[in-house]
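Let me begin by presenting the structure, written as structure tokens, before commenting on it.
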Amino acid sequence: MAHVTVTGERSGSTTGRTRTRTVPLGAVQAVGIAGVVAYNWWVVVPFRHGWMRSPDELFSDLAANGQPHAVVLQRLDLLAGLLLALTFLVRGASGRAAREWPWLVAFGSAAAIGGRFSFACASGLDATCRYQEWHLALPAHHYVHMVMGVTEFVAITMAIWLAFRRTRFGNTFEARTVRVLVQVLLVAYPLLGVAYLTDHWGALVEPVFFVAFTVFMLVELNESPEESERGYSPGPSTVVDHA
């Protein structure tokens, strides 16, 4: 059974010694999958009558203060972020996936903070709210949520890009999946920009990112530290110097 090694300072130690303990990888993956499930609460929205009232609405608008199910959705966002941040913190930076690790931790942390600080109003539905948003007339927590949302997207996109760089010459399932995700995001980001600036079709564009991010997180959770090494394939220009 694969394990994740966690190293920390021994409490009360004056010698600088550390203690090492192992956590079953399956337990870490279970926590991560629970976080992924909570992150994807949006999946149930199309099947709930009256939850989403316009294709121009962003899913974050459903968790804005004053919306019917805001409290539940805010708590799900907070839970998802905490579980994902904890998962990637425990897994640690290992193998050639180490460069992706801080971005994944940042993604989970930003999701948790975004869940804690919600939108003050639903700008995708309310023209007054949208006007106040652009004129910085809303409470600070509204803008904290906006910044954390951007941070989430930037962090996990950087993790995907670094995974692509790491596996671009490989032929593993991870390498092929990451290549597809990069192609999807290259098309989806311009569409998201248009949707956000025009306040149209946000409910149709956002799920593309949610699915892409979910697939990437599942790939990362399924990959053991040893596989992150095997998943790397050096490019044709790599020179190995044998002593």
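Rule-based calculations on the coordinates, nothing more; no lab input. Fair warning: this is a prediction, and the values are worked out from it, not measured in the lab. Because the Cβ atoms are built from the backbone with ideal geometry, glycine has one as well, and the counts that use them run over all protein chains shown.
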Under 13 Å from the Cβ of residue 217, count the other residues' Cβ atoms, weight Lys and Arg +1, Asp and Glu -1, and hand me the total.
-4
Could you check how many percent of all C-alpha pairs in the range 114-184 are farther apart than 13 Å?
70
Quick one: 220, 133, fewest Cβ neighbours within 10 Å first, how do they rank?
133, 220
From zero outward in steps of 10 Å, how is the percent of C-alpha pairs of the range 23-228 spread across the bins?
9, 34, 35, 17, 5, 0
Evaluate 2.2 N^0.38 Å with N set to the residue count of the range 82-131, then give the Cα radius of gyration divided by it.
1.65
How many nm is it between the label spots at residue 165 and residue 204, if each spot is 7 Å from the Cα in line with the beta carbon?
3.5
Can you work out D for the range 32-102 in µm² s⁻¹ from Stokes-Einstein, where Rh is the Kirkwood radius over C-alpha pairs, the temperature is 10 °C and the viscosity is 1.306 mPa s?
115
Cα-projected label distance for residue 214 with residue 176, points at 7 Å along beta-carbon direction, nm
2.2
